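Below is one structure; the comments refer to it alone.
What follows draws every value from the coordinates through simple rules; no lab data is involved. Treat the numbers as computed from the prediction; the structure is a model and nothing was measured. With ideal geometry, Cβ positions are generated from the backbone for all residues, glycine too; neighbour counts draw on all protein chains shown.
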């Protein structure tokens, strides 16, 4: 059943990746030239920003998404998955003759949900700055991006900041333009992969300092099973992950960001918002796929996050 947005005004405008993920579980990742049996095949919508918006929508936050799909069956499935979450997909641009982003993901429950992702980026042209709906962006209360379509992301970040809208970045990979995006962001939360690429072995402290020097008011790095680290009030804070019997860690970082944005919209202190993100990420790890384990709003409230 399709969820309805709680408000005609979209409180979060997201720009970035959307994917169709095929997932299965394996006992252990195999060596080359070996057949490997998998179980539990499931197909879900994925992508960092798209999954974050799915979580926010389930928690009662109206969202609009901007991204790119092809005119293939995967693109139809991606759009349908977003619409089923009550997300406005008017900004999801279809590129004729192109393939949509897809991923094949193999999770290892016996190894704390470790997963291997094989993915294909959309083959159509990236989203262009002129394709960003500025009217919707300027009415939002937060702008969330993963920087995949970097020109559009930089443009939208500039416009959001002009309108006084906080810019939250999910920095998964240190690709071209991401440091420029950090300079335009208010809250910059990076993956461990990004942090180590930025700072090398002096991690996470040096990574946090380098990110903070670029200007964001809040910087943090997610550390998977080790929790997260953040620079709060001028000091480095490390928090362990919430206990969970992890089946699959796909989507944990995406929902961590959703939790942070949820706290930001509710006026929480950054530490509380990060803690909520970590709690929600742990819940996601208990199920296969990035969206199956997103906690419900009732579970969120029962956990004391109101």
Give me the distance between the Cα centres of the stretch 127-158 and the stretch 203-282, rounded to whole Å.
23 Å
Residue 83-residue 183 pseudo-label distance in nm [points 7 Å out on the Cα-to-Cβ vector]
4.1 nm
Ranked by Cβ crowding within 10 angstrom, fewest neighbours first, how are 149, 276 ordered?
276, 149
Gain on full stretching of the segment that runs from residue 134 to residue 214 - 0.36 nm per residue minus C-alpha separation
26.3 nm
The chain - mean residue ellipticity at 222 nm from DSSP helices (-39,500 (n - 2.57) per run, n ≥ 4, rounded to 500):
-9500 deg cm²/dmol
Multiplying the sequence separation of residue 272 and residue 163 by 0.36 nm and subtracting their Cα-Cα distance, what value in nm do you get?
36.7 nm
Just want the ordering: 36, 18, 187, from fewest to most Cβ atoms lying within 10 Å of their own Cβ.
36, 187, 18
Points 7 angstrom from Cα along the Cβ direction at residue 125 and residue 76: gap in nanometres?
2.5 nm
With springs connecting C-alpha atoms under 10 Å apart, model the chain as a Gaussian network and identify which of 249, 193, 222 has the largest mean-square fluctuation.
193
What length, rounded to one decimal in nm, is gained on full extension from residue 33 through to residue 201, with 0.36 nm per residue of separation minus their alpha-carbon distance?
57.1 nm
Which of 162, 136 has the fewest Cβ neighbours within 10 Å, and the rest in rising order:
162, 136
Pairs of alpha-carbon atoms within less than 8 angstrom and 6+ residues apart define the contacts here; what relative contact order does the chain have, in percent?
17 percent
Most mobile of 25, 250, 123 in a GNM of the chain (Cα contacts under 10 Å):
123
